[in-house]
1. Write out, first by first residue and then by second, each pair whose Cβ atoms fall under 6 Å of each other, whose residues are 6+ apart or on separate chains, and whose first residue, in the stretch 11-28, is under 11 Å from Val115 (Cα atoms) while the second is aliphatic (A, V, I, L, M) and in a loop (DSSP other than H, G, I, E, B).
2. Quick one: Thr86 ticks every box in (1) at positive phi; (2) surrounded by fewer than 16 Cβ atoms within 10 Å (Cβ to Cβ) except a single one, so which number is it?
3. Could you tell me which residue of the stretch 29-51 is farthest from the chain's Cα centre (by Cα), considering only residues that are under 21 Å from Asp114 (Cα atoms) and not hydrophobic (A, V, I, L, M, F, W, C)?
4. Mind listing whichever residues of the stretch 89-114 are β-branched (Val, Ile, Thr), surrounded by 14 or more Cβ atoms within 10 Å (Cβ to Cβ) and not in a helix (DSSP H, G or I)?
5. Condition first: surrounded by 14 or more Cβ atoms within 10 Å (Cβ to Cβ) and assigned to a strand (DSSP E or B). Can you find one or more residues in the stretch 7-16 that meet it?
6. What about Glu72, is it part of a strand (DSSP E or B), open to solvent by 40 Å² or more (accessible area, probe 1.4 Å) and either acidic (Asp, Glu) or closer than 27 Å to Glu103 by Cβ (or both)?
7. If I filter the stretch 105-162 down to residues being among the polar types (S, T, N, Q) and touching a Lys or Arg at 6+ places or on another chain (Cβ under 7 Å), which single residue comes out as farthest from Gly70 (Cα to Cα)?
8. Consider only pairs whose beta carbons are under 6 Å apart and that are at least six residues apart or on different chains; among these, list those whose first residue lies in the stretch 32-51 and is on the phi > 0 side of the Ramachandran plot and whose second residue is in a strand (DSSP E or B).
Amino acid sequence: MNRQPLDQLKQRHTYEEWRGRNTLEENLFIWQFFLSGNELPGWQAYRIQPAATERGPQSIQSIWQHAEKGTEALLRIDVFECASRTDAHEYLLRVLGEFQSPEIARQEQATVGDVAFAAPEDTAILFARGNIMLLMRNAGPDLVPITKIARRFDGDLVSRPE
């Protein structure tokens, strides 16, 4: 991405206000992240696969179907494992640049991640937690609220192993 569009994205999304933000009392670094398919109660992993990104971080693309509604209610979750918090925030900004809607907005009182942006009507959310950047969105005809699912996923990211 050349410098001018990146600078415009930074200004549009007030990047300097949230760059490097950490809402935890300690630093979080996640290494070799993977999805087992059991992360979301009430949802079944339909497909989980590593994905190559051009000049981007290591990533996983996954499609989840609701246990009761089947393929009518689908979620797509893309997880990007970045080298640092700074890289995760910069990658979040780049992914924001791919959204067509001008209505995607930062969640000032975010209940998920260190920084989060959401689409109107709770249909998609992007958030960064530590060095991880996630994009969660509806992928089926029945729309489901994303924020509650994102909170659950984020809770697992920050929880300590038993």
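1. none
2. (1)
3. Checked the stretch 29-51; the qualifying residue farthest from the chain's Cα centre (by Cα) is Gln32.
4. Those that are β-branched (Val, Ile, Thr), surrounded by 14 or more Cβ atoms within 10 Å (Cβ to Cβ) and not in a helix (DSSP H, G or I): Ile104, Val112.
5. Within the stretch 7-16, not a single residue is surrounded by 14 or more Cβ atoms within 10 Å (Cβ to Cβ) and assigned to a strand (DSSP E or B).
6. yes
7. Across the stretch 105-162, the extreme among qualifying residues is Asn131.
8. Pairs found: Gly37/Ala45.
The values are calculated or read from the model by the stated rules, or taken from the named source; none is laboratory data. Owing to the predicted nature of the structure, the values given are computational and were not obtained by experimental measurement. Glycine also receives a Cβ, built like all others from the backbone with ideal geometry; neighbour counts cover every protein chain displayed. These accessible areas exclude ligands, DNA and RNA; they are computed on the full protein's heavy atoms, side chains included. Shrake-Rupley method; radii C 1.70, N 1.55, O 1.52, S 1.80 Å.
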